[in-house]
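Here's the structure, in structure tokens; my notes come after.
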Amino acid sequence: MTEIVRKILSGALVAMGAPLPERIEVEVPKDESMGDLATPLAMSLAKALKRPPRKIAEEIVENIRDRGDFERIEVAGPGFINFTFRRESLYRSFSELLRREEAFFRKDIGKGRKILVEFVSANPTGPLHLGHGRGAALGAALSNLLAAAGFSVTKEYYINDAGRQVSLLGESVFARYQELFGISYPFPEDGYRGDYVLGIARRIKESEEEKNEGGKYKGLNFEFPQSNYFTSYACQQMLSVIKSDLEHFGVTFDVWQSEKELYDKNEVSGAIDYLRQKGFVYEDEGATWFKATLFGDEKDRVLIKSGGQHTYFASDIAYHKKKVDGSFDELIDIWGADHHGYIPRVRAALEALGYEKERLKVLLVQMVSLLRSGKPVQMSKRAGEFVTLREVIEEVGADTTKFVFLTRKADSHLEFDLEVAKAASAENPVYYVQYANARINSIFRNAAEKGFTGGAGINDANLLPLLSEPEETRLIKKILLYPAVFEAAVQAREPHRITYYLQELAGMFHPYYNRHRILTDERELSSARLSLCRGVASVLKDGLRLLGVAAPEKM
RNA sequence: GCGCCUGUAGCUCAGUUGGAUAGAGCAACUGCCUUCUAAGCAGUGGGUCAGGGGUUCGAAUCCCUUCAGGCGCGCCA
């Protein structure tokens, strides 16, 4: 619908010889009586054309040639142009939607452009927590949206399996391992104290026993932080836990990129050398620095510490270099908001490498605070006490968890109340949306029993005019708006817009269902209403699928 | 101290990239199941969009400032 309006508007502007704006705003008016769609176009042109907005609006309206789809096109308020569709036009579009379904919803925005979405990327030093879950839900939904919009999407998880944190994990496991033999080994100061660390130690011990090598590392003195058996074993274990957690959550990745591999393949040193050749690297006080200030960062950043170890930033440069070199047109990184200070330096590095920094878009996901019945759940990462994503999924379910995450825009703080999320009630918006779809499917089952060719198959455009109730017209208009919502969500990279739309659509269907019977004695009316239901269900299913949430046929 | 994010109904949050009279859910009160699923529906009340100033035809939205909360500001990751 919005496309039709945009088209005739740009046609009118051309006819007038007026400049075409980059984007013609089309919106749904506040009040239904104002029409179906409206544009503030004339008002935004007022300054450039140096004429009153209402005059411009009138002129635009006069220049609209093809108005066959509209019952009314009128100028209102300070200069809005309001459009009201003819019913026949709505029915024609709706019939087209039923026929083409997914193809009708989509617009090819990406045109095959390659886009890499990196998300979660939690250190493999412990299980995923709720904040990671939020990033996972967002990344997965965004990837779905982008792929549906014609982008070629790669989903990637960056594994920080090199460096201090993983070796600290290894040493923590090593300490627990020694304890299993009654040997006291000083537990590392910032070590990981969660129960899972002990679990890994036990597993190492058990696997030794199986191989008749019991106590192989008992009492030995390993050099940490150098990588060794304990580090790599623990890391592998944690990674498989993380993978299985994500699988439970219904989130998958195309690429698991290891940081360690970047070192092993000399890509880190390669990236540093590259920057050095360009003159952006210098030595000072025994350390190797990157001239980040040349590219807008606050200060220069260390790549190699005076002790010889690389910083996290060094491998991150190599990683982002690898990504852009992979001929991706756009990179999206989804990070926790606590990393926001890191953006300028990564952007600076990209620019120094010779890429436009606009290629990288960083989406920050704000913190999640976990509540139970309104009271904060105490978590202490240091003591290893925290509620994991896995536990939350098991308690409230993956669909609900995802839906709650996707009901907020990324950069707003989120309160996640376990009891509220668990309640199978109206407080829980995911059920509200799923329930609408389940109800419709229930109607379809009844319809089939009553000998209707089935809601699923019905598409008789001639019957659609029987849908004359105000609720029906409103539903049709709402459904026809879905493609515009989809497009806006993709452009803004904001999946939550889909979530809200689905709630609104369900919020129109339930009252309709309560007020009007779908299956009546009038066969033709019933058929028409089944078609309407199919349109609703089709959109609900599509939207839920994009969000990564199930759309059960029975509840 | 500097930077980023946030501040909208009692609570949790939207607000279509600056548009018309600011929205939803929950909570509160009142009703609706012998007809397609009551995880539903109908109705009622609720606002200084944190405060102030500015930009313009028009601001919850952009700029400045004050206040409040969160997060950053390492040769940590």
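Note on residue A:107 and residue A:16: the model spin-label points, each 7 Å out from Cα along the C-beta direction, lie 2.1 nm apart.
Against chain A, whose longest principal axis is taken from its Cα atoms, helix A:130-148 shows a tilt of about 50°. My understanding is that a pair violates if its Cα-Cα distance is over 25 Å; which of A:260/A:305; A:107/A:554; A:111/A:477; A:422/A:478; A:322/A:409; A:260/A:321 do that in this structure? Correct reply: A:107/A:554; A:111/A:477; A:422/A:478; A:322/A:409. Computed from backbone phi, the HN-Hα couplings of the stretch A:389-396 come to 4, 4, 4, 5, 4, 5, 7, 10 Hz, rounded to whole numbers (Karplus: 6.51 cos²θ - 1.76 cosθ + 1.60, θ = phi - 60°; Gly and Pro given as x).
Within the assembled protein chains, the solvent-accessible surface assigned to residue A:125 is about 10 Å², based on a 1.4 Å probe. FRET efficiency for the residue A:342 to residue A:181 pair, using the beta carbon distance and R₀ = 51 Å, is estimated at 0.80.
Ordering A:187, A:405 by accessible surface, largest first, gives A:187, A:405; the 1.4 Å probe counts only protein heavy atoms, with every chain in place.
Tell me, what % of the accessible area of the stretch A:164-241 is carbon and sulfur with a 1.4 angstrom probe? Show your work: numbers first, answer last.
Numbers: 1850 of 4170 Å².
Its accessible area is 44 percent carbon and sulfur atoms.
Shape analysis of the stretch A:180-277 places it in the oblate category; the axes a ≥ b ≥ c from the Cα gyration tensor give an a/c of at least 1.5, with a/b not above b/c.
Label zone of residue A:23 (point 7 Å out along Cα→Cβ, amide N under 19 Å): in the stretch A:466-493 this covers A:481-493. Does a label point 7 Å from the Cα of residue A:435, set along Cα-to-beta-carbon, have any residues of the stretch A:506-544 with amide nitrogen under 16 Å, and which are they? Hits in the stretch A:506-544 for residue A:435 at 16 Å: A:506-515.
A full extension of the chain between residue A:523 and residue A:74 corresponds to an added length of 157.8 nm, given 0.36 nm per residue minus the alpha carbon distance. In the full protein context, the stretch A:9-52 carries 59 Å² of accessible surface per residue, based on a 1.4 Å probe and ignoring ligands, DNA and RNA.
Extension gain, residue A:7-residue A:269: 0.36 nm per intervening residue step, less the Cα-Cα distance, totals 89.0 nm.
Full extension of the chain between residue A:378 and residue A:164 yields a length gain of 74.3 nm, computed as 0.36 nm times the residue separation minus the alpha carbon distance. Remark: the stretch A:253-267, residue by residue, has Karplus-estimated 3J(HN,Hα) of 10, 8, 9, 10, 9, 8, 5, 4, 4, 4, 6, 4, 8, 6, 6 Hz, where x stands for each Gly or Pro and the curve is 6.51 cos²θ - 1.76 cosθ + 1.60 at θ = phi - 60°.
Around the amide H of residue A:71, modelled in the peptide plane, lie the amide H atoms of A:84, A:85, A:86, all under 5 Å away and 5 or more residues distant in sequence or on another chain. This model, with +1 at the C-beta of Lys and Arg and -1 at the C-beta of Asp and Glu, gives chain A a dipole about its Cα centre of some 980 debye.
Along the axis of the charge dipole computed for chain A (Cβ charges of +1 for Lys and Arg, -1 for Asp and Glu, origin at the Cα centre), the listed residues A:180, A:239, A:45 are led at the positive end by A:45.
Relative contact order for chain A: 15 percent, from Cα pairs under 8 Å spaced at least 6 residues apart, divided by residue count.
Database remark: amide H of residue A:365 closer than 5 angstrom to the amide H of A:335, A:336, A:337 (H placed geometrically; neighbours at sequence offset of 5 or more, or on other chains; Pro and chain starts carry no H). With R₀ fixed at 41 Å, the C-beta to C-beta distance from residue A:33 to residue A:445 puts the FRET efficiency at about 0.60. Counting only heavy atoms of the protein chains and using a 1.4 Å probe, residue A:339 has close to 90 Å² of accessible surface. Here each label is just a point 7 Å from Cα along the line to Cβ, and for residue A:276 and residue A:329 those points are 3.7 nm apart.
Calculated FRET efficiency, residue A:223 and residue A:419, Cβ-Cβ r, R0 45 Å, to nearest 0.05? Kindly include the intermediate steps, with their values, before the conclusion.
Details: r = 48 Å, r/R0 = 1.07.
Given R0 = 45 Å and the Cβ-Cβ separation, E is 0.40.
Would you mind checking the tilt of helix A:229-249 against the longest principal axis of the Cα atoms of chain A, expressed as 0 to 90 degrees and rounded to 10? Taking the Cα atoms of chain A, the angle to A:229-249 is about 20 degrees. Rounded to the nearest whole Hz, the Karplus-based 3J(HN,Hα) values (6.51 cos²θ - 1.76 cosθ + 1.60, θ = phi - 60°) of the stretch A:69-82 follow the sequence 7, 10, 7, 9, 10, 9, 8, 8, x, x, x, 5, 10, 9, with x at glycine and proline. Toward the positive end of the charge dipole of chain A, with +1 on the Cβ of Lys and Arg and -1 on the Cβ of Asp and Glu, the farthest Cα among A:158, A:126, A:433 is that of A:433.
Compute the Cα gyration tensor for chain A, then decide on rounded, prolate or oblate, letting a ≥ b ≥ c be the square roots of its eigenvalues: rounded whenever a/c is under 1.5, prolate when a/b is larger than b/c in the other cases, and oblate in all that remain.
Working: a/c = 2.96, a/b = 1.62, b/c = 1.83.
It is oblate, given that a/c is not under 1.5 and a/b is not larger than b/c.
When ranked by the protection proxy of mean other Cβ atoms within 10 Å per residue, highest first, what sequence do the peptides A:370-376, A:54-60 form? Please list the in-between numbers first.
Details: A:370-376: 12.3, A:54-60: 20.0.
Ranked by mean Cβ neighbours within 10 Å, highest first: A:54-60, A:370-376.
The values are calculated or read from the model by the stated rules, or taken from the named source; none is laboratory data. Here the structure is a predicted model, which means the values were calculated and not measured. Because the Cβ atoms are built from the backbone with ideal geometry, glycine has one as well, and the counts that use them run over all protein chains shown. All accessible areas refer to the heavy atoms of the entire protein, side chains included, with ligands and DNA or RNA removed. Shrake-Rupley method; radii C 1.70, N 1.55, O 1.52, S 1.80 Å.
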